[in-house]
Amino acid sequence: MSTHPLVLCRRSTLRQWLGACPTAISNRHYSSSHDKDGHWHSHTHSHTHTEMPREPRSKPVDPLSGPSGPEETDTHRMSISSARQYCTSLLQSNFMSPNLITPFIPGPSRDAHIAICSLSAALRHASHPPLTSSANISLSSGSSVASARLRLEFWKQTIQDMFAGKTPPSEPVAVLLADVIRMHSYTRGFFIRMVDTRTARVGDPPFANIAALADYGEGAYASMLYLVGESMPGSRAVTAEHACSHIGRAMGVVETLIDFPSMLQRRGRVLLPIDVMVRHGVREEDVVRRMDVHDGGVRRKLADAVFEVATHANDQLITARSMLEEVVNRQGGRKNIDDAMFAPLLSAVPIRVWLEKLERTDFDLFSPNLKVKDWNLAWKMYWAYRSRKI
């Protein structure tokens, strides 16, 4: 496999997959610093990464002192088992393919990975429930916004109750998540930020710029990766944790690109960043009126805008990859990167594979090829795990 970073370029640009240095995208320069509390900060020339003030982590509750008592009942064991089975099936349909990462998670942390990723999927579903009608329905109506906010408020209150030691509701994701929270020490603020980020997106408000889109990924997905990292045994490198920030940002950008056709065809919304649309002359009314995008001029402008947005996602992966190399050098080689440190970074692999597929379609978000599942994604995940490369 090539060790060169992913290069995104239009078909009109001469590219070389091997040997030559990438010209379409360059590595971003970044610097790391830490504040008086020991929190690390990373900065790029395109955005400023701000560290969320972390609340004190919860102390893991001794299972023996939990509501089930010294001896766990058969009913309790069955509820956890059923919740795990439900969450596992939920992740199999998730576009980020977290189910493929599960085998590489250290055994004691697998339930935590499944529960946290399932919570992310549940929050995504709560803020944007899938439409079953072919009608063009907008989530900007008052009733739809109110119901979505109520669903997200349920999750926020449920999470707060879990940290207070209360019994979770009979909802599979909540049941497994409560069991995980009893077993691990977490920063509660990351859970709350996941909910608040989704709540802010109810009604599909437009993104003012690419930085706002990346910040959405920071709140929705980087927080998820931080929590997965906190589930891991032992200590982890701060630089590797910071790489999760950039991977999460890329995940948020890619989610928006993947959802673009359905948002346009089913809800009549074009959610590319406004500044990118202005730069490339993409008008929402033109794209909505030509939903099949057969118009050559509209298709070309839209592809140019998608290329810029996808390039930003790729830049985030390049930065994460550079940070991983720092960890490798500090640890004295890739063989010294243990599973607990590397597993959260595996979320970058499905993103990289999808961006490569998008490039092969010349950045046409309506290409049928983007809907075809990658039969070799599991192998690529395994190779990334063995080689300690993302």
**OP:** Would you list the helices (runs of 4 or more DSSP H) that sit entirely within region 335-390 and hold 3 or more residues that are surrounded by fewer than 19 Cβ atoms within 10 Å (Cβ to Cβ) and in contact (Cβ under 8 Å) with a residue 24 or more places away in the chain?
**Re:** 377-387
Subject >> Test: residue 196 is over 21 Å from residue 226 (Cβ atoms) and in a helix (DSSP H, G or I) >> reply: no
Original post:
Among the residues of region 227-244, is any more than 18 Å from residue 390 (Cα to Cα), among the aliphatic types (A, V, I, L, M), in contact (Cβ under 8 Å) with a residue 60 or more places away in the chain and touching a helix residue (DSSP H, G or I) at 6+ places or on another chain (Cβ under 8 Å)?
Top reply: yes
**OP:** Note down all Cβ pairs under 8 Å where the first residue falls in region 159-170 and is within 16 Å of residue 122 (Cα to Cα), the second is basic (Lys, Arg), and they're at least six residues apart or on different chains.
**Re:** 159/188
Original post:
What helices (runs of 4 or more DSSP H) completely inside region 214-325 contain at least 1 residues that are crowded, with 21+ Cβ neighbours inside 10 Å, of a type outside the set (Ser, Thr, Tyr) and under 16 Å from the mean Cα position of the chain (by Cα)?
Top reply: 223-230, 238-267
Original post:
Restricting attention to region 165-182, which residues are among the acidic types (Asp, Glu) and part of a loop (DSSP other than H, G, I, E, B)?
Top reply: 171
Original post:
Of all residues in region 183-193 being part of a helix (DSSP H, G or I) and in contact (Cβ under 8 Å) with a residue 40 or more places away in the chain, which is surrounded by the most Cβ atoms within 10 Å (Cβ to Cβ)?
Top reply: 191
Original post:
Which one of 306, 298, 327 is β-branched (Val, Ile, Thr) and in contact (Cβ under 8 Å) with a residue 60 or more places away in the chain?
Top reply: 327
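The rows are residues; the columns are (1) at pLDDT 95 or above; (2) within 17 Å of residue 259 (Cα to Cα).
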{"position": "295", "(1), (2)": "no, no"}
{"position": "302", "(1), (2)": "no, yes"}
{"position": "306", "(1), (2)": "yes, yes"}
{"position": "328", "(1), (2)": "no, no"}
{"position": "331", "(1), (2)": "no, no"}
{"position": "337", "(1), (2)": "no, no"}
{"position": "341", "(1), (2)": "no, no"}
{"position": "351", "(1), (2)": "yes, yes"}
{"position": "364", "(1), (2)": "no, yes"}
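So, of the residues in region 199-213 that are closer than 21 Å to residue 257 by Cβ and assigned to a helix (DSSP H, G or I), which turns out to be nearest to the chain's Cα centre (by Cα)? Write out each step before concluding.
Taking region 199-213 as the starting set, the residues that turn out to be closer than 21 Å to residue 257 by Cβ are 200-213.
In the following step, the residues that additionally are assigned to a helix (DSSP H, G or I) were identified as 200, 210-213.
Values: 200: 16, 210: 16, 211: 16, 212: 15, 213: 12 Å.
Ranking the qualifying residues of region 199-213, first place goes to 213.
The values are calculated or read from the model by the stated rules, or taken from the named source; none is laboratory data. Owing to the predicted nature of the structure, the values given are computational and were not obtained by experimental measurement. Positions of Cβ are generated from backbone atoms using ideal geometry, with glycine treated the same way; all protein chains shown enter the neighbour counts.
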